[in-house]
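A short write-up of the structure that comes next.
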C-alpha cells in the first residue's frame, strides 16, 4: 500500500528567512537540530518565535501528526504523541504527515516504519540535489508501507519504546563507567 493511500502530507510552516528566537513569543518551532537519531523531539530546546499567520492556515502540530525531515542526510520521522503545550509548528525542512484513518494504521507505528532501514534506503536513493540533499513530497507519498493488524502494530510500538528505554539505560551506564574511570585516573595520575 502506498503511503498516500492512508495519509495527507503537507509542508512545514513557510518561514520567510531565518527563524528568529523571541523569548516572549507564544509559539515554538521544531527544527531539524531538535530531533535525535531515534526520532525523539527535544521539546525543552525548541525555539520560541513569532509565527506569521497571514498566509492562510498556520499548520499547528497536533497529537498524531508525524513529521519527517525532507532536507539533509537524515530523513528521520517523529510522531507527535501528546498535544504540544504551546502552539507549535515545524520548519519548512519537514513534511507533516496526517493519517486519514487511524483505525487502519497507528501514527507511532507509521513513524517507526519510516525510520527503518528499508525506508532510509528508499529515501537515500530518491534524494535530489548536490549542495542540499532533499526528498520531494511525491517520493514520500509513493513509499510502500506495510499495514499489519492493529494489535500487531501496538505490539511493535511497545517493543520499540522498550528498546529505546533499554538503549538509554545502557548509554547512561556507559557514561557513568567512563566518569568512574576518569575519576580513578585523576586520583592515580595526580601523584
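Is there a residue being assigned to a loop (DSSP other than H, G, I, E, B), within 18 Å of residue 135 (Cα to Cα) and either in the same structural domain as residue 138 (by TED's automatic domain parsing) or touching a residue at least 40 places away in the same chain (Cβ under 8 Å) (or both) anywhere in region 76-88? For region 76-88, residues assigned to a loop (DSSP other than H, G, I, E, B), within 18 Å of residue 135 (Cα to Cα) and either in the same structural domain as residue 138 (by TED's automatic domain parsing) or touching a residue at least 40 places away in the same chain (Cβ under 8 Å) (or both): present. Filtering region 14-45 to residues that are over 15 Å from the mean Cα position of the chain (by Cα) and in contact (Cβ under 8 Å) with a residue 60 or more places away in the chain leaves 14, 15, 19, 26, 27, 28. Restricting attention to region 128-145, and to residues there that are surrounded by 13 or more Cβ atoms within 10 Å (Cβ to Cβ) and in a loop (DSSP other than H, G, I, E, B), which single residue is modelled with the lowest pLDDT? The qualifying residue modelled with the lowest pLDDT is 133.
In the list 115, 155, 101, which residue meets the criterion of being out of contact with any strand residue (DSSP E or B) (no Cβ under 8 Å at 6 or more places or on another chain) and at pLDDT 95 or above?
155
Of 180, 153, 172, all but one fail to be assigned to a helix (DSSP H, G or I), crowded, with 19+ Cβ neighbours inside 10 Å and not assigned by TED's automatic domain parsing to the domain that holds residue 44; the exception is 153. In region 33-49, is there at least one residue being assigned to a loop (DSSP other than H, G, I, E, B), in contact with a helix residue (DSSP H, G or I) (Cβ under 9 Å, 6 or more places away or on another chain), at positive phi and buried (at least 20 other Cβ atoms within 10 Å of the Cβ)? Yes - at least one qualifying residue is present in region 33-49. Of the residues making up region 87-96, at least one is over 15 Å from the mean Cα position of the chain (by Cα) and either surrounded by fewer than 19 Cβ atoms within 10 Å (Cβ to Cβ) or under 18 Å from residue 138 (Cα atoms) (or both).
The values are calculated or read from the model by the stated rules, or taken from the named source; none is laboratory data. Worth saying up front: this structure is predicted, and the values here are computed from it rather than measured. Don't worry about glycine lacking a Cβ; one is built from the backbone with ideal geometry, like all the others, and counts go over all protein chains shown.
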